[in-house]
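One structure is given here, and the rest of the page talks about it.
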Amino acid sequence: MTMAVTAGRTAINPRAAVLAYLAVSGIVYLLMMLLGLTMRLAQAQWIDVPPNFFYVVMTMHGAGMVGIAGLSSAAVMWHFVRRYIPVSTAVFLTNLVFFLIGAVLILGAGFIGGFGAAWTFLFPLPAHSGGLWSVNAAASYLVGLIFIGVGFLLLHLDIARGILSTYGGLGAALGVKQAFGLAPAEKGPPPAVTASTMALIANILGILVGAAVLVISLVNLYVPTFTFNALAAKNLIYYFGHTFINVTIYMAVIAVYEILPVYTHRKWKTNWAFYLAWVLSTVFVLTVYTHHLLMDFAMPTWTLVAGQVISWLSGLPVLLVTAFGTLTVVYRSGLRWNPAAALVFLGVAGWAIGVIPAIADGTIAVNSVMHNTQWVPGHFHTYLLLGMVAMVLGFMTYLTNPQPRYGFAWLGYWLYLVGGVIFVIAFLLAGAASVPRRYAVHVAQWLPYDRIGSIGATVAIAGVLILVARFFVGIRTAASAQDPT
Amino acid sequence: MSTRRLLVATCGSWLVLWLPAVRGGLERDMALHMAVQMPLLIALGALVAAATCRFEPRWLAAADWLGIAGIAAVVLGTSFWMVPRALDQAIADWRIDLVKFLTLPLLVGMPLGLSWRRMPPLGRAFIWANFIPKLGAVGGLYLGAPMRLCAYYRLDQQELAGWTLIAVAVALGITWFVAAFIGWTPSCGKRPSRPSVDGAGRQRALHASAA
Ligand code: HEM
Ligand SMILES: [Cu+2]
């Protein structure tokens, strides 16, 4: 890591810190994608994976992907929000260290301890392993999550501190006044600040809830006579888990707001609708987790109705203003496409398209059919793999390749796009045919989907490999370079 | 109010809390014990700190660098008096209760009042962020416990205490959030300067300082 010595005191180069985040992210994404491919190949019966190991792989893929999605999109957020508010590079790196410690504990829990209760660790499953994993393995997983949560908590709190010192309150940084026409939109906070504010509100509250339920789960592991209301625990876990993965898209989308204008030479215009959208989505993101409970009949009916309605609405405001803003920034701008711009543009498209099957699934009538089918991994892989990850890859490309030598990157882009589309369509079609998710062993009728999905995944991973490799080639010069403007 | 009057008032309140009727009344119920009596004792210590911080010797301020030592005392003290066994002992033996009556104001409240100002904003926020889920989790454990954790309290009192702690945690979380949302900062006199900058101005300022 590059250290710059300024006036007798060592300061860590913030750019190098961001690149360190992205280097870790590139490697972890590739490894986790290979785990995903392993599952798909096993379902396709092209390789032989013992079922109990399938669930270890599924747990590691889920936890690893959710964690690295958080880490990489936090890098996007931090890099850009730093332009507007004072933040601490030391805290930023502390988060990386906590993340790595947590990752070691989680990987150890899975690959050494055999923990396979899914990344959602639903109570009381971690304590009921049926002999497949030990109490200590489950505890190692939970403690690993606590480490990662504490790291993110520090990072978000530090950004909150910077925002409060500059804007006075979170409401002002979110653009509440602008949203309701009480102040001129031109005076509003930059999009990166608005997005970071919503991300920190959601994630801090989510992590506080998560910490409490993690401690309770740990106690239950070692003292099983302490029992908790399982439905309450499920609420708390999804409050934390859903919020954490959902927020990644709101952090990564900052790449769109900051990178596209660079290439189109147009400012990202904010108006009252933009701020209103972010205010609404802030409220929704805190309540939308209830769609995970649509099949829990013990929940009071009104919560189910609310969960359904909020699920329809939740992502839409920000998605709409972002998609619209993207089109206005790009349309007739004379943009000469390059892989970085194309990747963030793809990110918006993948997000928009992936939300459609998600909204369908957030409808109780549909959910009672599609619940726990591969429709679900179908829609979330669309907006995560082709939305959020595309934005992160675009950011990586933007930082490491100021000169237009793009031939190889275009190859990576197209492999990733075409393979990714095939991969998610295979999931969606399987879901429409009622193939259940989270099954280690598939029956003969399901194999065609699995095999097409495996081929798509292989192609997509080859594309990501190229893009990540290019990032590593450019990483040394990028540490001392300036952002392309 | 003058410092002297404030000190008299705090000592008076402390004695009132120690009166057998008040003490017994508040300790008879677990929720009152944990959510009323103990916070009041801490608050008394914090009040004394606020009144006397001007006279704080320099060496103490220097030793309590960034408020770390003081906050460590706060965390240890509060954690200890959250343990069910400690509550039991305090009821069983008035001498232990006296220890509680002395340690909560002196080893928790005073350090809190003195060290809090010295802590960097991130440290303060982190303490809040630890305390809130801790209260919630302890409350949850009281609810989930299969048996009575305190010899002196009935199961239903324990349950009420659990819910009370959870409610306090939720209330604190909401208050904290609202305060940050509207940008309210508790301050003694001087408000922190709050430059209202537009994004571009800030950006230029940062770049200038980085260069
Ligand atoms: C080429 C890349 C990828 C492949 C091949 C892949 C493959 C898979 C497979 C086969 C499953 C299990 C499906 C089932 O339940 O039957 C799965 C689940 C999952 N994947 Fe991926 N995936 C990829 C990328 C991603 C990305 C980028 C993310 C997030 C950022 C992600 C997050 C998840 C999550 C959260 C689950 C759910 C695990 C569970 O059910 O507990 N995946 N993936
Ligand atoms: Cu969700």
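Observations
- In the stretch A:228-266, the residues that are away from chain B (no Cβ under 13 Å), under 13 Å from A:F121 (Cβ atoms) and more than 14 Å from ligand 1 (Cβ to nearest atom): A:K234
- Being away from chain B (no Cβ under 11 Å), in a loop (DSSP other than H, G, I, E, B) and out of contact with any Lys or Arg (no Cβ under 7 Å at 6 or more places or on another chain) is a property that A:L221 lacks.
- Taken together, the residues in the stretch B:1-43 that are surrounded by fewer than 17 Cβ atoms within 10 Å (Cβ to Cβ), not in a helix (DSSP H, G or I) and not hydroxyl-bearing (S, T, Y) amount to 3.
- Look at the stretch B:44-56: where a residue is open to solvent by less than 30 Å² (accessible area, probe 1.4 Å), no partner that is not in a helix (DSSP H, G or I) sits 6+ places away or on another chain with Cβ atoms under 8 Å.
- The numbered conditions (1) within 9 Å of ligand 1 (Cβ to nearest atom); (2) open to solvent by less than 50 Å² (accessible area, probe 1.4 Å); (3) closer than 24 Å to A:G407 by Cβ are all true for A:T458 except (2).
Residue by residue, here is whether (1) buried (at least 23 other Cβ atoms within 10 Å of the Cβ); (2) polar (S, T, N, Q) holds:
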residue: A:I249; (1), (2): yes, no
residue: A:N271; (1), (2): no, yes
residue: A:L276; (1), (2): no, no
residue: A:F297; (1), (2): no, no
residue: A:T303; (1), (2): no, yes
residue: A:S311; (1), (2): yes, yes
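- 1 or more residues within 12 Å of ligand 2 (Cβ to nearest atom) and in contact (Cβ under 8 Å) with a residue 60 or more places away in the chain: qualifying helices (runs of 4 or more DSSP H) within the stretch A:228-291: A:230-252, A:272-285
- Filtering the stretch B:130-150 to residues that are in a loop (DSSP other than H, G, I, E, B) and within 7 Å of chain A (Cβ to nearest Cβ) leaves B:A145, B:P146.
- Among the residues listed as A:L142, A:L125, the single one being more than 10 Å from chain B (Cβ to nearest Cβ), open to solvent by 40 Å² or more (accessible area, probe 1.4 Å) and more than 24 Å from B:F181 (Cβ to Cβ): A:L125
- Test: residue in the stretch A:113-120 that is open to solvent by 10 Å² or more (accessible area, probe 1.4 Å), under 25 Å from A:N229 (Cβ atoms) and in a helix (DSSP H, G or I): no
- Selection of the stretch A:361-385 for residues being in a helix (DSSP H, G or I), away from ligand 1 (no atom under 11 Å from the Cβ) and in contact (Cβ under 8 Å) with a residue 12 or more places away in the chain yields A:D361, A:I364, A:N367, A:S368, A:V369, A:M370, A:H379.
- Among the residues of the stretch A:393-404, at least one is outside any helix (DSSP H, G or I), among the polar types (S, T, N, Q) and closer than 20 Å to A:A478 by Cβ.
- Considering A:V376, A:V421, the condition of being away from every other protein chain (no Cβ under 14 Å) and away from ligand 2 (no atom under 16 Å from the Cβ) is satisfied by A:V421 alone.
The values are calculated or read from the model by the stated rules, or taken from the named source; none is laboratory data. Source: prediction; values computed, not measured. Glycine also receives a Cβ, built like all others from the backbone with ideal geometry; neighbour counts cover every protein chain displayed. Just so you know, the surface numbers come from the protein's heavy atoms only, side chains and all, with ligands and any DNA or RNA stripped out. Shrake-Rupley method; radii C 1.70, N 1.55, O 1.52, S 1.80 Å.
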